[in-house]
Amino acid sequence: MTFKVAKSLRAELLWWLMVPLGILFAFNSWRTIDTSRELANVAYDRTLQASVRTIAERVTVDQDGVHVDIPAAALEMFESQFQDRVYYSVHLNNGKLLTGYDQLPQPDRLHQPGLDRIVFFDARYKGEDVRFAIYSRPLFEQDNRLSAIVQVGETLSSRQALARQIVWDAMRDQLWMMALAAIFVVIGIQRGLRPLLTLRDKIQRRDEGELYPFNVQKVQTELQPLVVSLNQNMQRLQEELDARQRFIADASHQLRTPLTLLNTQAELALRAQEPAAMHAALIELHHSTRQTVRLANQLLSLSRAEPDSVRQLAFEPMDLTDFARSLTAEFAPAARSKQIDLGFEGEDACYISGNTLLLHELISNLLDNAIHYTPANGIVTIRVEAQHADIYLTVSDSGPGIPRSERLRVFERFYRILGTKESGCGLGLAIVKECAQAHEAVVSLSDAEEGGLKVTVRFPPSPHRHF
Ligand SMILES: Nc1ncnc2c1ncn2[C@@H]1O[C@H](COP(=O)(O)OP(=O)(O)O)[C@@H](O)[C@H]1O
Ligand SMILES: [Mg+2]
């Protein structure tokens with residue numbers, strides 16, 4: 001048998017409380033019917049017993065034989081509104097009928113009347129159920145041989161009516177109790193569910209941006225973990241929203257500066273009278289434009305490296321050594337123009353689970369910084385190697401390095417060390433960090449042997465085997 005999952009919590013609670021209650025009610029009613037029958041028998045058997053004894057006392061013996069005169073009272077005690085039929089007989093134990101009906105039903109052998117013992121039994125007589133009492137009384141005190149057997153029977157209407165009455169009374173009380181229980185159950189469920197429903201209403205009424213936490217104390221202990229995780233979820237969402245808001249504000253602020261500059265430079269170029277002056281202004285304009293494009297590209301890379309976007313990117317097993325080597329080659333012209341000795345170290349294939357787009361951003365920004373901040377004639381070295389199951393990518397240079405106190409802050413978006421003369425927007429290392437995180441890699445800064453900065457990115461190895 002399969003139970004459908006109830007849609008409504010209230011309905012399910014009600015079901016599980018009321019149905020068992022109904023079963024109990026049915027069971028109890030069934031028991032009551034039995035008891036009521038027994039009770040009615042006890043009450044009416046007393047009348048039968050009294051009637052049998054009264055008749056038995058009127059059996060007398062004299063020299064003419066055995067006589068019996070049935071007193072009116074012995075039969076009148078049965079009178080009731082139900083008009084039950086009463087049958088009686090008085091026999092001698094030798095079979096002689098003294099009075100009453102001959103051939104009344106007899107009890108089975110196990111229920112024979114003994115001395116002074118009244119036996120009750122049910123039997124069919126004249127097409128009706130009849131309850132009989134039978135009693136045997138010795139006629140002489142010292143002699144047991146001759147006794148009178150008195151039998152009285154009554155149809156069942158009165159006792160059945162009494163039994164019905166008892167059942168109905170009991171059922172009526174139980175029905176009242178059921179009704180009261182149902183009311184209490186409904187009230188209980190209503191009260192018990194109220195905190196939950198209030199919580200639901202509160203959630204429904206909330207506007208999109210409302211993310212303050214719910215009061216954990218207002219719900220029952222069982223629901224508290226739910227509210228706690230709801231609150232945690234909202235807090236995370238709030239933090240993410242805040243970060244995004246801050247980023248948008250920062251980004252638009254950062255974009256405004258170069259755009260204003262572009263505008264000024266364009267006006268300058270327009271106002272220039274001499275072709276030489278105009279040419280100079282255009283060169284400036286071109287330079288600023290490149291910077292602005294670079295900023296826009298950096299912003300784009302950053303949004304691509306956000307956890308939200310990363311989830312849609314594919315990560316595949318790839319050889320980091322090979323990838324980094326070919327990317328380094330692309331930076332050779334930039335290094336050459338500053339007479340920087342750009343070297344690559346790494347022979348063995350090092351497999352990681354990577355995304356080429358993000359890795360390209362990560363390595364480009366590190367090489368770009370190294371070449372950018374290292375003075376002419378310096379050294380920049382990039383290495384890829386496996387160590388203790390992890391894969392290490394390092395970029396070291398002979399530049400000025402980053403003071404320890406700044407090493408955490410340089411990863412923040414738009415953060416640039418004060419007094420940095422080179423142009424930039426402070427997004428490079430933030431992009432490096434996001435790209436690394438997308439690969440579950442860790443970035444750290446230290447002093448390079450070459451004298452400048454050493455950036456280390458530790459990748460977990462690819463979970464796949466390679467041959
Ligand atoms: N290789 C490096 N050597 C010295 N300083 C560095 C190096 N890389 C980054 N920095 C410092 O860290 C700051 C943040 O770098 P980054 O996030 O790439 O922004 P940006 O290069 O646009 O300024 C830079 O302004 C610079 O002062
Ligand atoms: Mg940079």
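Details
A quick yes/no check of all residues on (1) surrounded by 15 or more Cβ atoms within 10 Å (Cβ to Cβ); (2) in a loop (DSSP other than H, G, I, E, B):
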| residue | (1), (2) |
| --- | --- |
| Arg46 | no, no |
| Arg53 | yes, no |
| Ala74 | yes, no |
| Phe78 | yes, yes |
| Gly95 | no, yes |
| Leu98 | yes, no |
| Pro113 | yes, yes |
| Asp122 | no, no |
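Rundown of residues vs (1) over 25 Å from Leu300 (Cβ atoms); (2) among the polar types (S, T, N, Q); (3) out of contact with any strand residue (DSSP E or B) (no Cβ under 8 Å at 6 or more places or on another chain); (4) open to solvent by 30 Å² or more (accessible area, probe 1.4 Å), yes/no style:
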position	(1), (2), (3), (4)
Ala334	no, no, yes, yes
Gly343	yes, no, no, no
Tyr373	no, no, no, yes
Val384	yes, no, no, no
Gln387	yes, yes, yes, yes
Glu412	no, no, yes, yes
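- Evaluating His439 against the criteria (1) within 11 Å of ligand 1 (Cβ to nearest atom); (2) under 19 Å from Gln387 (Cα atoms) leaves one unmet condition, (1).
- Residue within segment 446-455 that is within 12 Å of ligand 1 (Cβ to nearest atom), within 22 Å of Ala332 (Cα to Cα), in the same structural domain as Pro333 (by TED's automatic domain parsing) and surrounded by fewer than 17 Cβ atoms within 10 Å (Cβ to Cβ) present: yes
- When Val310 is tested against (1) under 29 Å from Ser423 (Cβ atoms); (2) at pLDDT below 95; (3) open to solvent by 80 Å² or more (accessible area, probe 1.4 Å), exactly one condition is not met: (3).
- Pairs meeting the criteria (first residue in segment 147-170 and over 14 Å from Val52 (Cβ atoms), second residue in a strand (DSSP E or B), beta carbons under 6 Å, at least 6 apart or on different chains) are Thr155/Glu128; Thr155/Val130; Leu156/Asp129.
- On the stretch given as segment 144-157, residues that are open to solvent by 50 Å² or more (accessible area, probe 1.4 Å) and modelled with pLDDT of 90 or more total 0.
- Test set (1) within 21 Å of Cys425 (Cα to Cα); (2) in contact (Cβ under 8 Å) with a residue 40 or more places away in the chain; (3) more than 10 Å from ligand 1 (Cβ to nearest atom) - Ala389 fails condition number: (1)
- Check on Val61, open to solvent by 50 Å² or more (accessible area, probe 1.4 Å), assigned by TED's automatic domain parsing to the domain that holds Ser89 and within 28 Å of Met77 (Cα to Cα): yes
- Scanning segment 348-367 for residues that are open to solvent by 40 Å² or more (accessible area, probe 1.4 Å) and among the acidic types (Asp, Glu) yields a total of 1.
- Strands (runs of 3 or more DSSP E) lying entirely in segment 289-375 (those with 1 or more residues that are away from ligand 2 (no atom under 16 Å from the Cβ), out of contact with any Leu (no Cβ under 9 Å at 6 or more places or on another chain) and under 25 Å from Gly399 (Cβ atoms)): 341-345
Every residue, every condition in (1) of a type outside the set (Lys, Arg); (2) more than 13 Å from ligand 2 (Cβ to nearest atom); (3) open to solvent by 30 Å² or more (accessible area, probe 1.4 Å); (4) not assigned by TED's automatic domain parsing to the domain that holds Asp348, yes or no:
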| residue | (1), (2), (3), (4) |
| --- | --- |
| Asp397 | yes, no, no, no |
| Gly401 | yes, yes, no, no |
| Glu406 | yes, yes, yes, no |
| Thr420 | yes, no, yes, no |
| Ser423 | yes, no, yes, no |
| Glu440 | yes, yes, yes, no |
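- Between Glu128, Glu141, the distinction of being farther than 25 Å from Glu76 by Cβ, open to solvent by 30 Å² or more (accessible area, probe 1.4 Å) and acidic (Asp, Glu) belongs to Glu141 only.
- Segment 425-434, residues that are touching a helix residue (DSSP H, G or I) at 6+ places or on another chain (Cβ under 7 Å) and either within 11 Å of ligand 2 (Cβ to nearest atom) or over 18 Å from Ala251 (Cβ atoms) (or both): Cys425, Leu427, Gly428, Leu429, Ala430, Ile431, Val432
So that you can scan it fast, the table gives a plain yes or no per residue for (1) over 25 Å from Leu14 (Cβ atoms); (2) in the same structural domain as Leu299 (by TED's automatic domain parsing); (3) open to solvent by 70 Å² or more (accessible area, probe 1.4 Å); (4) of a type outside the set (Ser, Thr, Tyr):
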site	(1), (2), (3), (4)
Leu199	no, no, no, yes
Glu210	yes, no, no, yes
Phe214	yes, no, no, yes
Asn233	yes, yes, yes, yes
Leu237	yes, yes, yes, yes
Leu241	yes, yes, yes, yes
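- Check on Val380, buried (at least 22 other Cβ atoms within 10 Å of the Cβ) and within 20 Å of Thr321 (Cβ to Cβ): yes
- Single unsatisfied condition, Asn355 versus (1) more than 16 Å from ligand 1 (Cβ to nearest atom); (2) in contact with a helix residue (DSSP H, G or I) (Cβ under 6 Å, 6 or more places away or on another chain): (2)
The values are calculated or read from the model by the stated rules, or taken from the named source; none is laboratory data. The structure displayed is predicted, hence computed values, not measured ones. FYI the Cβ positions are ideal-geometry reconstructions off the backbone, even for glycines, and counts take in every protein chain you see. These accessible areas exclude ligands, DNA and RNA; they are computed on the full protein's heavy atoms, side chains included. Shrake-Rupley method; radii C 1.70, N 1.55, O 1.52, S 1.80 Å.
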